[in-house]
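For reference, the structure is listed below as structure tokens.
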Amino acid sequence: MTAESYDAIVIGTGAGGAACAYRLVKGGLKVLMLEKGDYLPTDGSTLDTKRVVEKGEFLSHERWVDGYGRPVIPQEHFNVGGKTKWYGAALLRLAAREFETDGPYGCTGWPLGLADFAPYYAEAEKLLEVHNFVCEPDLARILKRAASRSSDWRSEPMPMGLASDITSDPLEATHFDGFASARGLKNDAEHSFLSPLAGAENFLLQTNAEVTTLLSSARTPFTLTGVRLADGREFRAPRIFLAAGALHSPRLLVRFSFAARVGTSVPPPELAGRHLKLHLLTAMVSVGTRRVEDVIRKTVILTNELYPHSSVQPLGFDGEVISTLIPKLVPRFLAREVACRAYGFFLQTEDASDPRNRVLDARDGRAGLPVLDYDEQRMPHALREHRALTRAFKRALRKGGLLSFTQRIGLAGTAHACGTLRCGHNVSDSMVDTEGRVRGTQGLYVVDGSILPRIGRMNPSLTIYAWGLRVGELVAKQFGQEQSDSAQR
């Protein structure tokens, strides 16, 4: 049976994959997009706290082990739009300094700078209809009281990818952070990049299509020719774009044969999966005496230059969702009463670029399971800053009349996973070049968060969108030139 042929195949429908596919299709390439999962239902079930939070109904149940062989199930999402359907509403740019090397802290810099990303940031913001919401009264009161005790905290509006009229739907407005919109009120990868491609003759999206193998030419083993799915189907294309996510793209790459590697043009295969970054994350619930009436909540971003690699943002959780964070030993009626007087916050600190933090494929793991080997103790500077940040913010809120409780987000919290196929200056320490190509290969690109050498102190979604647009544009221009040259011959 002859495999179907395309100009490009994109594996994964999250931020980077969707942005890249959008640009490729607009550039005239015939694109096949493959998604391991399916479309999410629009019946309201993705807004149901019990089904989403308590039962974890829409999460992956793929079994992994950590670096010590202990079981862990990463909180991954296999669905059209990827994690952007659940998270990704906060859309922030990296600051100029976050592209630079920070040797004392342990961060390797980008081979590119803010100027390289600026036009793609702007394009992504336009497509995602990014805008600010007014800081609501309860949060404004909390911040004013906290700031009166400390002048170190800086508050800025949070750029959001939400419909401007989302507050007209109370359920959607209070269930966008960690939930998937049923009415398209979150401007995610599917809504902003894939839906506009519907009906295009040169675009096909196939769901329930798990890619297991990258195919190459027998004569030139580093020239990509297509992919094979778990069900045995094969598709052909001279350009393959990995966008399965930082935990999954490197596993596809390591399955690809490195046996014929010669010279220095191909990176050492052991680089694949290393330098995993997750952010150091803490959820904080802060309780006062007044009932909280704010709706969106996630309207500002807080920074403090005493903690230059860190940020704080409110959680977009209402009392119902916050009550799920309160320990189960507390009676539910009491938990709900406390939650109605609480605000949630999300504290994050950039982690270092440590090669020991890595992803291993199942064939290299224990008991035939993939490995998530990550230990924050390997990054003492980041851990020290995150602990100091947490203490300082609790102290500021306490002086403002709020009592705070914290819970660290463990290894399973992979919403911000990045770095495992990082982009870099040279072959000795990076898998991907500045145009998204896997070094030493022909026709293989990476367009998801795997390439981020630095994750910055804020949410990485917008940077991943921008990278996907940039790589897609470069490839589309090259394709156009090839078509023009062919027509002239």
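The values are calculated or read from the model by the stated rules, or taken from the named source; none is laboratory data. All of these numbers come straight from a predicted model, not from anything done at the bench. All Cβ positions, even for glycine, are placed from backbone atoms using ideal geometry, and neighbour counts span all protein chains on display.
Against the test of being among the small types (Gly, Ala, Ser) and crowded, with 21+ Cβ neighbours inside 10 Å, the options Ser155, Ser181 yield a single qualifying residue, Ser181.
The numbered conditions (1) modelled with pLDDT of 95 or more; (2) in a loop (DSSP other than H, G, I, E, B); (3) of a type outside the set (Ser, Thr, Tyr) are all true for Lys328 except (1). Every condition in (1) assigned to a loop (DSSP other than H, G, I, E, B); (2) out of contact with any helix residue (DSSP H, G or I) (no Cβ under 7 Å at 6 or more places or on another chain) is met by Gly88 except one, and the failing one is (2).
Picking from Phe222, Phe241, which residue would you name as being touching a helix residue (DSSP H, G or I) at 6+ places or on another chain (Cβ under 8 Å) and either of a type in the set (Phe, Trp, Tyr) or without any contact (Cβ under 8 Å) to a residue 24 or more places away in the chain (or both)? Please lay out each step first, then the result.
Numbers: Phe222 fails: touching a helix residue (DSSP H, G or I) at 6+ places or on another chain (Cβ under 8 Å).
Exactly one of Phe222, Phe241 is touching a helix residue (DSSP H, G or I) at 6+ places or on another chain (Cβ under 8 Å) and either of a type in the set (Phe, Trp, Tyr) or without any contact (Cβ under 8 Å) to a residue 24 or more places away in the chain (or both), namely Phe241.
Taking the conditions exactly as written (within 15 Å of the chain's Cα centre (by Cα) and not basic (Lys, Arg)), does Ala466 satisfy them or not? Write out each step before concluding.
Numbers: within 15 Å of the chain's Cα centre (by Cα): yes; not basic (Lys, Arg): yes.
It is true that Ala466 is within 15 Å of the chain's Cα centre (by Cα) and not basic (Lys, Arg).
Taken together, the residues in segment 194-223 that are farther than 30 Å from Ala362 by Cα, in contact with a Lys or Arg (Cβ under 9 Å, 6 or more places away or on another chain) and either buried (at least 20 other Cβ atoms within 10 Å of the Cβ) or among the aromatic types (Phe, Trp, Tyr) (or both) amount to 1.
Looking only at segment 340-394, count how many residues are part of a helix (DSSP H, G or I) and either closer than 19 Å to Ala415 by Cβ or touching a residue at least 24 places away in the same chain (Cβ under 8 Å) (or both). Write out each step before concluding.
Our first condition is that a residue be part of a helix (DSSP H, G or I); within segment 340-394, this holds for 362-364, 366-368, 376-378, 380-394.
The next check asks that each one be either closer than 19 Å to Ala415 by Cβ or touching a residue at least 24 places away in the same chain (Cβ under 8 Å) (or both); those that pass are 362-364, 366-367, 376, 378, 381-383, 385-386, 388-390, 392-394.
Residues that pass the stated criteria total 18.
Applying the set (1) of a type in the set (A, V, I, L, M, F, W, C); (2) closer than 23 Å to Leu229 by Cα; (3) surrounded by fewer than 24 Cβ atoms within 10 Å (Cβ to Cβ) to Val25 leaves exactly one unmet item: (3). Only one of the numbered conditions (1) exposed (fewer than 15 other Cβ atoms within 10 Å of the Cβ); (2) assigned to a helix (DSSP H, G or I); (3) out of contact with any helix residue (DSSP H, G or I) (no Cβ under 8 Å at 6 or more places or on another chain) is not met by Asn426, and that is (2). Tell me, please, whether a residue that is touching a strand residue (DSSP E or B) at 6+ places or on another chain (Cβ under 9 Å), buried (at least 17 other Cβ atoms within 10 Å of the Cβ), under 28 Å from Ile451 (Cβ atoms) and not small (Gly, Ala, Ser) can be found in segment 331-347. There is at least one residue in segment 331-347 that is touching a strand residue (DSSP E or B) at 6+ places or on another chain (Cβ under 9 Å), buried (at least 17 other Cβ atoms within 10 Å of the Cβ), under 28 Å from Ile451 (Cβ atoms) and not small (Gly, Ala, Ser).
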